[in-house]
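Reviewing the structure listed below.
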Amino acid sequence: MLREPRPGTLYPWVKRASFLELGLFAGLLVVWLLPGLESATFAFGLAHGIGFICLALLVWSAVLRREVPYSLLAATLTPAGPVGSVIAIEYLERKRWGGTAKGVTRPAPR
């Protein structure tokens, strides 16, 4: 039987990398839409491309260490990319792990 994934030492890095990659992606969209920013578009595009590959490898290694479920890897590799990984992280923290990043459930209300 497979073990239930629990956040470990790699999980905070996955979360930070997801939000950083989302910021790079948002920056890329902004400079791409503004006319005359070809060099900034190239820089953000390169940073986003390398960052996305690093994020995917980081999530994959966290899956192999059983710190995150396969669904996070699937959400990261969808066409939504970093948006999908951030949504999956928020879903995991709120619904699956009881609202905490360390996987400790909240005490029951009195």
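The values are calculated or read from the model by the stated rules, or taken from the named source; none is laboratory data. Note that the structure is predicted; figures quoted are calculated from it, not measured. Glycine also receives a Cβ, built like all others from the backbone with ideal geometry; neighbour counts cover every protein chain displayed.
Condition check: of a type in the set (S, T, Y), in contact with a helix residue (DSSP H, G or I) (Cβ under 8 Å, 6 or more places away or on another chain) and assigned to a helix (DSSP H, G or I). Does T78 satisfy that?
no
Given the conditions (1) free of Cβ contacts under 8 Å to residues at least 24 places away in the same chain; (2) of a type in the set (S, T, Y); (3) in contact with a helix residue (DSSP H, G or I) (Cβ under 8 Å, 6 or more places away or on another chain), which single one is not true for S85?
(1)
Condition (residue is among the charged types (D, E, K, R) and either closer than 13 Å to G81 by Cα or in contact with a strand residue (DSSP E or B) (Cβ under 9 Å, 6 or more places away or on another chain) (or both)) applied to the stretch 16-29: is it met by at least one residue?
yes
If we scan the stretch 21-30, do we find a residue that is at pLDDT below 90 and over 19 Å from G8 (Cβ atoms)?
no
Condition first: of a type in the set (V, I, T) and either in contact with a Gly (Cβ under 7 Å, 6 or more places away or on another chain) or touching a residue at least 60 places away in the same chain (Cβ under 8 Å) (or both). Now tell me which residues in the stretch 61-82 satisfy that.
V68, T76, T78, listed by residue number.
State which residue is modelled with the lowest pLDDT when the search covers only the stretch 57-110 and only residues that are surrounded by fewer than 17 Cβ atoms within 10 Å (Cβ to Cβ) and small (G, A, S).
A108
From the residues in the stretch 22-47 that are over 17 Å from L92 (Cβ atoms) and within 13 Å of the chain's Cα centre (by Cα), which one is surrounded by the fewest Cβ atoms within 10 Å (Cβ to Cβ)?
My answer is G23.
Taking the condition over 14 Å from the mean Cα position of the chain (by Cα) and surrounded by 14 or more Cβ atoms within 10 Å (Cβ to Cβ), does F52 pass?
Considered against the rule, which asks whether it is over 14 Å from the mean Cα position of the chain (by Cα) and surrounded by 14 or more Cβ atoms within 10 Å (Cβ to Cβ), F52 comes out as no.
Run down G84, G27, G36 and say which single residue is small (G, A, S), in a loop (DSSP other than H, G, I, E, B) and more than 16 Å from E4 (Cα to Cα).
G36
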